[in-house]
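One structure is given here, and the rest of the page talks about it.
Laboratory data are not the source of any read-out in this text; all were calculated from the coordinates shown. Note that the structure is predicted; figures quoted are calculated from it, not measured. Here Cβ is always computed from backbone atoms with ideal geometry, including for glycine, and neighbour counts include all displayed protein chains.
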Amino acid sequence: MSAALPDYYFRIRENGAFVFKVDTENRQRRIELDQIAVVNVKNGEVKPSGNHTLSDEDTAAITDWLDKRQAQLRQRDIDDILRTVDHLNLTTHWAQARASDEDLEQVTDALLLAMHDLRTMLVRKKADRLIKD
């Protein structure tokens, strides 16, 4: 662990984070976390906590974290989708090579409906993009 702690700590939550100012400059040399704000990653909203007024330094740190977090979450979405493509390929191989009739009976309708829904939406979005160009 490094000797120098960051000035801010972001406790991740479902749709954002609680923002804490890290304080080690106290008599006991204990680490204190003072909550200064709540951030919503989806809409970018930042709400100061309690009576705290955010300084320019606080706002800059939060904005920087928010930009990086949103980029990280977008990349995770893409990674998840690419894993889904891999999983669909593995599912195809399973259905062809190893699945029993009973196995296929269990999953066929759900897979066909999900794939139909996905295909319909993807075709519609592709058409919209082509029309824009």
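If the viscosity is 0.692 mPa s and the temperature 37 °C, what Stokes-Einstein diffusion coefficient in µm²/s follows for the chain when Rh is the Kirkwood radius over Cα pairs? The partial results should precede the final answer.
Values: Rh = 19.5 Å.
For the chosen part, D equals 169 µm²/s.
Report the paramagnetic label zone for residue 22: residues of region 40-77 whose backbone N is under 18 Å from a point 7 Å from Cα along the Cα-to-Cβ axis.
57-66, 68-69
Eight or more residues apart or on different chains, and alpha-carbon atoms under 30 Å: count the Lys pairs in the chain matching that.
Number of lysine pairs found: 11.
Just need the relative contact order of the chain here, percent rounded to a whole number, with Cα pairs under 8 Å and 6+ apart. Walk me through the numbers on the way to the answer.
Values: 95 pairs, mean separation 15.2, N = 133.
Computed over the chain, the figure is 11 percent.
Can you tell me the orientation of helix 101-132 relative to the chain, as the angle in degrees between its alpha-carbon axis and the longest Cα principal axis, to the nearest 10?
For helix 101-132, the angle is close to 70 degrees.
Angle, helix 56-97 long axis vs. longest principal axis of the chain, Cα atoms, 0 to 90°, nearest 10?
20
At a Förster distance of 22 Å, what's the computed FRET efficiency of residue 65 paired with residue 29, Cβ-Cβ distance as r, to 0.05? Can you show the working numbers first?
Details: r = 26 Å, r/R0 = 1.18.
Calculated transfer efficiency: 0.25.
Quick check: pseudo-label points 7 Å beyond the Cα along Cα→Cβ at residue 90 and residue 108, how many nm apart are they?
Computed distance between label sites residue 90 and residue 108 equals 2.4 nm.
Report, in deg cm²/dmol and to the nearest 500, the calculated mean residue ellipticity at 222 nm for the chain, where each DSSP H run with n ≥ 4 adds -39500 (n - 2.57) and the sum is divided by the residue count.
Details: 2 runs with 74 residues, N = 133.
My calculation for the chain gives -20500 deg cm²/dmol from helical runs alone.
Which one of 60, 107, 26 has its Cα pushed farthest toward the positive end of the charge dipole of the chain, where Lys and Arg give +1 and Asp and Glu give -1 at the Cβ?
Going by the charge dipole, the pick is 60.
Please identify every one of the GluC sites (Glu not before Pro) in region 1-40 that sits in a loop by DSSP and has no more than 13 other beta carbons within 10 Å of its own beta carbon.
Details: sites: 14, 25, 32; in loops: 14, 25.
Sparse-neighbourhood loop GluC sites (Glu not before Pro): 14, 25.
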